[in-house]
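Data block below; observations after.
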Amino acid sequence: MLIGATLPATNLHFFQARRASFRRNGSPLNPSANLVYTQTVKPEMTKKHLSNLEKLLQNQSRKSQLLDNDSRGEIHPCESRSNGSKENRGKNLLEGLNLSRIWPEHKVAEEMSPRHLNKLKKLLSSNNIEYSPRNNLSSRWKEYHGCKDWLGLIDPLNENLRRELIRYGEFIQAAYHCFHSNPATCNEGDSRKVALPDKSYKVTKSLYATSSIGLPKWVDDVAPDLGWMTQRSSWIGYVAICDDPSEIKRMGRRDIVIALRGTATCLEWGENFRDLLVQIPAETTEIESESESSEGQAKVECGFLSLFQTAGVNVPSLAESVVNEVQRLIEQYKGESLSITVTGHSLGAALALLVADEVSTCAPDAPPVAVFSFGGPRVGNRSFADRLNSKNVKVLRIVNNQDVITRVPGMFVSEELDKKLRESGFVSGVLNVLDKSMPWAYAHVGTELRVDTRMSPFLKPDADVACCHDLEAYLHLVDGYFASNCPFRANAKRSLTKLLSEQRSNIKRLYTNKAKGLNLN
């Protein structure tokens, strides 16, 4: 077989320096052979073989597109590995020959083939963003909203749930972008334009968080341009509601979204480190107060509670603002099927739990409340988790296995180990006593979706802490997640443009080099 027949046109520069004759120590088909070959390839034959190869790759690309358009949306990668006959039918001729063993350069040549370059160019194109299928949820919307704790929807990850998670994550990105584009605090009456990713929603309320601590006045005198970093009140998110009839029909209800950004100011960082557990003010009813006294007092991190309940000079507290707005929307759309979705990242994920706890009882017939959090820290003790469960607040935590923020504050114990310890009688009793007495006895709440940076084919396995906690990296991992212990899904659709611009140092050099070659950097 001619060497030119296996060379993609995009990879000829790898082999221009190779000599026409070479010595092979043995053929895989005849190990005893030890011959010297001299090969002369005519230009006409090379063009012919490259043309044939291009047609072959195009045929395989069409097959891949057919698989991507499958009614189920994707193929289980674990099943495809276990079924050898199906896998071989999907391989092309070059893969079947196993040339990577005979000819090591073939692996590099295949990755530089037109098929792979077109896919990479598509993922790196900001003008060609694709999403997972946006199907009708009307008959099962309560399941996707967590009424059954997402049973059977996480492992493997349901394609509709994946699409919803990414959509709510983009609501948080809109909060980040709006704050950084105009970080100065506005008065309560001022309007702030939020570029929502979903045009079927409209913003109805801006939300502010106020710190109970402050920095000396001389700090503002020294650095007046950074006043927004030291101000006590800062814009932290918004309330939005779905206002498009077709989208309401697709989702099966009118959705109220509360989106909260993560830490951005110096004083917010200061509140994050106030990690002692403090008691939440008791509920208004005597029955709920007696229940809390018998099961233990619900406690949360001091800094989180401070940002949630402290009022500013010109703005009310976050707790008051969000409750008043949700009550207004419930009254305005009374009689309609409503849902409340609270979503946040990092600090916003922590505040999302406090918001959900508050709005779940803000009205006599409050709509179902669900929390979708990304990279959230621990917020309260086990009694706080029980309190949310008793209010039927559903929480889905998206956690990166390499994100240290999800393991703090409190004792550095994994959730898996804590669960195993509590299954034994004696140890469980000791832990229950510690939960009620120790000031750092934190516990996570809700259902967990665990992703892993090392599963991404684009990110370095030793990506730094900032990358592992980055919201765009989270959305990238959710888009590629199929199931636990399974590879990154081959038909992931999310664009890599934003990830490449924000985390270039944490992306594998192979892909950054390809991006430069495609003039997409």
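The values are calculated or read from the model by the stated rules, or taken from the named source; none is laboratory data. Note that the structure is a prediction, hence the values are computed from the model and not measured. Backbone-built Cβ (ideal geometry, glycine too); neighbour counts: all protein chains shown. Accessible surface areas use protein heavy atoms only, side chains included; no ligands, DNA or RNA. Shrake-Rupley method; radii C 1.70, N 1.55, O 1.52, S 1.80 Å.
In this structure, VAL478 does not satisfy being surrounded by fewer than 15 Cβ atoms within 10 Å (Cβ to Cβ) and of a type in the set (A, V, I, L, M, F, W, C). Please tell me if LEU157 is farther than 24 Å from ILE236 by Cβ, part of a loop (DSSP other than H, G, I, E, B), open to solvent by less than 10 Å² (accessible area, probe 1.4 Å) and not basic (Lys, Arg). The answer is yes for LEU157. The lone criterion from (1) surrounded by fewer than 19 Cβ atoms within 10 Å (Cβ to Cβ); (2) in contact with a Leu (Cβ under 8 Å, 6 or more places away or on another chain) left unmet by LYS514 is number (1). I want to confirm something. Restricting to segment 468-484 and keeping residues that are touching a Leu at 6+ places or on another chain (Cβ under 7 Å) and part of a helix (DSSP H, G or I), which single residue is nearest to GLN173 (Cα to Cα)? Once the filter is applied, the top-ranked residue is GLU472.
Between ASP149, ASP155, the distinction of being at pLDDT below 95 and within 14 Å of LEU449 (Cβ to Cβ) belongs to ASP155 only.
For (1) at pLDDT 90 or above; (2) not small (Gly, Ala, Ser), each residue gets a yes or a no:
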site	(1), (2)
GLY214	no, no
VAL219	no, yes
LEU226	no, yes
GLY237	yes, no
GLY252	yes, no
LEU260	yes, yes
ALA264	yes, no
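Screening PRO133, PRO114 for residues that are surrounded by fewer than 15 Cβ atoms within 10 Å (Cβ to Cβ), within 24 Å of LEU496 (Cα to Cα), modelled with pLDDT under 65 and of a type outside the set (Lys, Arg) leaves exactly one candidate, PRO133. Consider segment 293-323 and keep the residues that are polar (S, T, N, Q) and farther than 20 Å from TRP269 by Cα. The one that is least open to solvent (accessible area, probe 1.4 Å) is SER321.
If I filter segment 296-309 for residues that are in contact with a Leu (Cβ under 7 Å, 6 or more places away or on another chain) and under 24 Å from ILE166 (Cβ atoms), do I get at least one hit? No, the conditions are met nowhere in segment 296-309.
Are any residues in segment 457-475 of a type in the set (Gly, Ala, Ser) and surrounded by fewer than 23 Cβ atoms within 10 Å (Cβ to Cβ), and if so, which ones?
First, the residues of segment 457-475 that are of a type in the set (Gly, Ala, Ser): 463, 466, 473.
If the condition is that a residue be of a type in the set (Gly, Ala, Ser) and surrounded by fewer than 23 Cβ atoms within 10 Å (Cβ to Cβ), then ALA463, ALA466 are the ones that fit.
Could you check segment 324-365 and list, in sequence order, the residues that are part of a helix (DSSP H, G or I), β-branched (Val, Ile, Thr) and open to solvent by less than 20 Å² (accessible area, probe 1.4 Å)?
Within segment 324-365, the subset part of a helix (DSSP H, G or I) is 324-332, 347-359.
Add one more test, that the residue is β-branched (Val, Ile, Thr), and what stays is 326, 330, 355, 359.
The answer is VAL326, VAL355, VAL359.
Please tell me if ILE280 is touching a Lys or Arg at 6+ places or on another chain (Cβ under 8 Å) and open to solvent by less than 10 Å² (accessible area, probe 1.4 Å). When the stated conditions are applied, ILE280 does not pass them.
Here is a yes/no grid of residues against (1) at pLDDT 95 or above; (2) of a type in the set (D, E, K, R):
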site: LYS334; (1), (2): no, yes
site: ALA350; (1), (2): yes, no
site: ASP357; (1), (2): yes, yes
site: ALA363; (1), (2): no, no
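What number of residues within segment 485-521 satisfy the criterion of being assigned to a loop (DSSP other than H, G, I, E, B) and either modelled with pLDDT of 85 or more or closer than 30 Å to GLY152 by Cα (or both)? Qualifying residue count for the region: 14. No other residue among VAL393, VAL399 is free of Cβ contacts under 8 Å to residues at least 60 places away in the same chain, β-branched (Val, Ile, Thr) and under 20 Å from ASP464 (Cα atoms) apart from VAL399.
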